[in-house]
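Structure, as structure tokens:
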Amino acid sequence: MVRIKICGITRAEDGAAAAALGADAVGLVFYPPSPRNVSLEQARAVIAALPPFVSVVALFVNPAREWVEQVLAACAVDVLQFHGEEEAEFCRSFRRPYLKAVRVRPGMDLLEWAGRYPDARGLLTDAFVEGAHGGTGATFDWTLLPEALPLPLILSGGLDESNIVEAVRRVKPAAVDVSSGVEASKGIKDAARMAAFISGARHGSV
């Protein structure tokens, strides 16, 4: 069964709703340029509203080491997610499970790229949009994904309730990650869209 992450949570009620609807994980963005960026206080409120066994993923883009350590000291984070140009040595140095994101475009050797991060828990594939590090709502050509990667594949990029069934059936990812595709506005999740997305992901993986 495909695992489901709802990313870009900014409010405790949205995190609680995502969990109640069946999300396996929620993502908190610690990247100030993002409209979904959260403060440490916001993050703690979201985490406090979650039931047991829902994972908390902290997303960073080319962060200073001190910032990651500050977040880890303040918040009960389960997994780190790196969306910039971080090297594997940096990613693993925090001694937490981590995911590495890659923005997919033609000509990219994803097998070679994934091989740089042998200890990552998964490779998160997103759409390449110049100057952006995720949350764009853009899709990419799924045929660019190799049939077999050395890491579990997490599919992201432009997913929503209209394409999630096809995405899961065609790509067969280990997990899917959605942010803008389940929003009422940037950073504010829509419970009905989350429900439709989660239902579609489960249906597509049956």
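Just a few scattered comments:
- Cβ-placed point charges (K, R +1; D, E -1), dipole of the chain about Cα centre in debye, nearest 20: 380 debye
- Taking each residue as 0.36 nm, the span from S93 to W67 lengthens on full extension beyond its C-alpha to C-alpha distance by 8.0 nm.
- Under a model in which nothing but the beta-carbon of Lys, Arg (+1) and Asp, Glu (-1) is charged, region 1-115 shows a dipole of about 180 debye around its Cα centre.
- Label-to-label distance, nm, for residues given as S162 and A48 (7 Å Cα→Cβ offset): 3.9 nm
- Taking all Cα-Cα distances within region 1-43, those exceeding 15 Å account for 40%.
- Region 37-135: proportion of alpha-carbon pairs further apart than 18 angstrom, %: 49 percent
- Calculated log₁₀ intensity ratio I(q)/I(0) where the Debye formula runs over C-alpha points of the chain, q = 0.14 Å⁻¹: -0.76
- For region 70-114, the extents of the C-alpha atoms along the principal axes are 40, 16, 14 Å, listed from largest to smallest.
- Calculation over all alpha carbon pairs of region 19-60 in 5 angstrom steps from 0 returns a P(r) of 5, 23, 32, 21, 14, 4, 0 percent.
- Percent RCO, i.e. relative contact order, over region 1-76, from Cα pairs under 8 Å lying at least 6 residues apart: 32 percent
- Normalised per residue, the accessible area of region 1-68 is 41 Å², obtained with a 1.4 Å probe and no contribution from ligands, DNA or RNA.
- Measuring nothing but how far apart in sequence close Cα pairs (under 8 Å, 6+ apart) lie, relative to its length, region 85-206 scores a relative contact order of 21 percent.
- Highest average packing first - 97-109, 172-184, 67-79, Cβ atoms within 10 Å: 172-184, 97-109, 67-79
- Entry comment: accessible area of region 88-204 is 47 Å² per residue, from protein heavy atoms only and a probe of 1.4 Å.
- On the chain, 52 percent of the accessible area sits on carbon and sulfur atoms, based on a 1.4 Å probe.
- Computed [θ] at 222 nm, deg cm²/dmol, the chain (DSSP H ≥ 4; -39,500 (n - 2.57); rounded to nearest 500): -8500 deg cm²/dmol
- Gain in span if fully extended, A174 to A76, counting 0.36 nm per residue against the direct Cα distance: 32.9 nm
The values are calculated or read from the model by the stated rules, or taken from the named source; none is laboratory data. Quantities reported herein were computed from a predicted structural model and do not represent experimental measurements. Using ideal geometry, Cβ is built from the backbone for each residue, glycine included, and neighbour counts are taken over all protein chains shown. Calculation scope for accessible area: heavy atoms of the full protein, side chains included, ligands and nucleic acids excluded. Shrake-Rupley method; radii C 1.70, N 1.55, O 1.52, S 1.80 Å.
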